[in-house]
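S.K.: This is the structure, below, for whatever I ask next.
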2 protein chains.
Amino acid sequence: MTLAEDTARPARREQILDAAAGLFATHGYHGVGIDDIGAAVGISGPALYRHFRSKDAMLSEMLTAISDRLWAGGQQRRAAEDPLRELIAFHVDFALDNPALIVVQERNLAHLTESDRKRVRAQQRRYVELWVEAIRATIPETGELTARAAAHAVFGLINSTPHSRLLGRGRMAELLTAMALGAIESLAAGD
Amino acid sequence: MTLAEDTARPARREQILDAAAGLFATHGYHGVGIDDIGAAVGISGPALYRHFRSKDAMLSEMLTAISDRLWAGGQQRRAAEDPLRELIAFHVDFALDNPALIVVQERNLAHLTESDRKRVRAQQRRYVELWVEAIRATIPETGELTARAAAHAVFGLINSTPHSRLLGRGRMAELLTAMALGAIESLAAGD
DNA sequence: CAGTCAGGTTAGCTGCTGTTAACAACGCGC
DNA sequence: GCGCGTTGTTAACAGCAGCTAACCTGACTG
């Protein structure tokens, strides 16, 4: 059944990736065995090789998907009236909705192969450039390097949410958004 | 020679821990072999067991040392005139001077044994409490949970420096300090 | 000068983990 | 109903990494 195949096949893969992301986030890439991932989706170990070439391939697909989603989302907000505010809201939402992915992306880039790492890095760079653009549009006197460093700092700020998660989604989003804005606005005074 | 022993023995251990920290930070705990660590200090593999009970023990000692240093440093600034500013400066300095330690601490808590992890967590909590205190003294209308979440967010902001490192130590310190302050000051407006 | 001990070395074991092989069952098109 | 592709299963393999054992050496100490 072509319909069933087109939807069911990928669904299985995504189910596996979701489970793997959760496990990777809590135990680290090397701390998770192939059997653990299998067990998490109700099948046993080697069956995963029907869906992925290798364990590395899972991580690779996971990380490229994340960087693609971030860039696509950012790209989409580029033309908004207040791009910076939109980018912040977008990133905050992503971090709150996908804490595991945030953690995995932060920690496991090094475990990718050279070529995959390059691909992910390139996409991340593009995403950062969207932020640099938005920051410099908002605080014009900001230098490019400063804006880039500031963007990374704001990522760190927002991406901290998987480690705290104290306030419930709504108030957490408000807090992070306000703090991110406050941090960036401080660039105006400094220089 | 007692003098030589008192200084040389620990020096070796610290040399090993330094090397291990750097390796762990770049390749991840499981990505580094005992032989790699040995090679990094000019001895070969199993010789490390003259200095540490196990590879886990190295990580354990590393992480407890970090949390102890942070808490001690924070504690020392508690009575300052402007504790928040002092805490920020302290943490920024620590992060800029010890990027590898920051990364290792962020990523490898999960690889500790139950008891070691508890010890580190407890010390981290105490450190956070210093920040909560300082934040609420500066922005009195801040709730405790909000302050805690804000503290974590600022850690994320400052701890981002190992991943960017674009501006050179002095300007980086300025930037992070300003952004951290700006982020915290935004708490006043929000509530 | 003899003995001890800290701090190395290399060889080897053991357990774990990613991966593959060989086989089974189920659903579907012809 | 027959074959075949998909998606499982379990058993086994291979390689690696942490750790131990056995041995060596050089510097102090009595």
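S.K.: Report the gain in length on full extension from B:Asp68 to B:Arg12: 0.36 nm times residue separation, minus Cα-Cα distance, nm rounded to one decimal.
M.R.: Stretched fully, the B:Asp68-B:Arg12 segment lengthens by 18.1 nm.
S.K.: I'd like the Kirkwood hydrodynamic radius of the stretch B:27-123, using the inverse of the mean 1/r over distinct C-alpha pairs, in Å.
M.R.: Evaluated on the stretch B:27-123, it is 15.0 Å.
S.K.: Cα centroids of the stretch A:32-108 and the stretch B:114-191: how far apart, whole angstrom?
M.R.: Comparing the Cα centres of the stretch A:32-108 and the stretch B:114-191, I get a distance of 26 Å.
S.K.: Further question: Quote the total accessible area buried by chains A and B together, excluding ligands, DNA and RNA, probe 1.4 Å, nearest 100 Å². Don't jump to the answer; show the numbers that get you there.
M.R.: Working: alone 10370 and 10380 Å², together 18210 Å².
Summed over both sides, the interface buries about 2500 Å².
S.K.: Between B:Arg78 and B:Glu144, what FRET efficiency follows from the Cβ-Cβ distance if R0 is 25 Å, with the result rounded to 0.05?
M.R.: With R0 = 25 Å, the Cβ-Cβ based efficiency is 0.90.
S.K.: Using only C-alpha positions, report the orientation-averaged shadow area of the convex hull of the protein assembly as shown, nm², one decimal.
M.R.: Details: hull surface 90.5 nm².
Approximately 22.6 nm², given one-decimal rounding.
S.K.: Classify chain B: rounded, prolate or oblate, from the alpha-carbon gyration tensor (a ≥ b ≥ c, eigenvalue square roots; a/c under 1.5 rounded; otherwise prolate if a/b is larger than b/c)?
M.R.: Judged from the Cα gyration tensor, chain B comes out prolate (a/c at least 1.5, a/b above b/c).
S.K.: Here's something else I'd like to know. How much of the accessible area of chain B, probe 1.4 Å, is carbon plus sulfur, in whole percent?
M.R.: On chain B, the fraction of accessible area on carbon and sulfur atoms equals 51 percent.
S.K.: Grab the DSSP H runs of the protein assembly as shown that are 4 residues or longer, score each as -39,500 (n - 2.57), total them, divide by all residues and round the 222 nm result to the nearest 500 deg cm²/dmol.
M.R.: Dividing the helical sum by the residues of the protein assembly as shown leaves -25000 deg cm²/dmol.
S.K.: Sticking with this one: Over the stretch B:1-137, with the other protein chains present, what is the accessible area per residue in square angstrom, probe 1.4 angstrom?
M.R.: Values: 7090 Å² over 137 residues.
Per residue, the stretch B:1-137 has 52 Å² of solvent-accessible surface.
S.K.: I've got another one for you. Suppose the chain between A:Arg125 and A:His30 were pulled fully straight at 0.36 nm per residue; how much longer would it get relative to their current alpha carbon spacing?
M.R.: 31.6 nm
S.K.: Looking at chain A, which longest stretch skips every one of the GluC sites (Glu not before Pro) that is in a DSSP loop with at most 15 other Cβ atoms within 10 Å, leaving the sites themselves out?
M.R.: After excluding every exposed loop site, the longest remaining stretch is A:1-80.
S.K.: While we're looking at this one, here's another question. What lysines could a cross-link reach from A:Lys118, if we take a straight Cα to Cα line under 28 Å and drop same-chain neighbours fewer than 8 places away?
M.R.: Excluding near neighbours in sequence, the set is A:Lys55.
S.K.: Ok, one more. By Kyte-Doolittle mean hydropathy of at least -1.0 and Cα axial length of at least 20 Å, which whole DSSP H helices of chain B are selected? Mind showing how you got there, number by number?
M.R.: Values: long enough: B:2-27 (38 Å, -0.27); B:55-77 (34 Å, -0.40); B:83-97 (21 Å, 0.63); B:114-138 (36 Å, -1.17); B:144-158 (21 Å, 1.05); B:169-190 (32 Å, 0.71).
Once both thresholds are applied, what remains is B:2-27, B:55-77, B:83-97, B:144-158, B:169-190.
The values are calculated or read from the model by the stated rules, or taken from the named source; none is laboratory data. Because the structure is a prediction, the values reported are computed rather than measured. Cβ sites come from the backbone with ideal geometry, for glycine too, and all protein chains shown count toward neighbours. When the accessible area is computed, the model is the full protein with side chains, heavy atoms only, and any ligands, DNA or RNA have been set aside. Shrake-Rupley method; radii C 1.70, N 1.55, O 1.52, S 1.80 Å.
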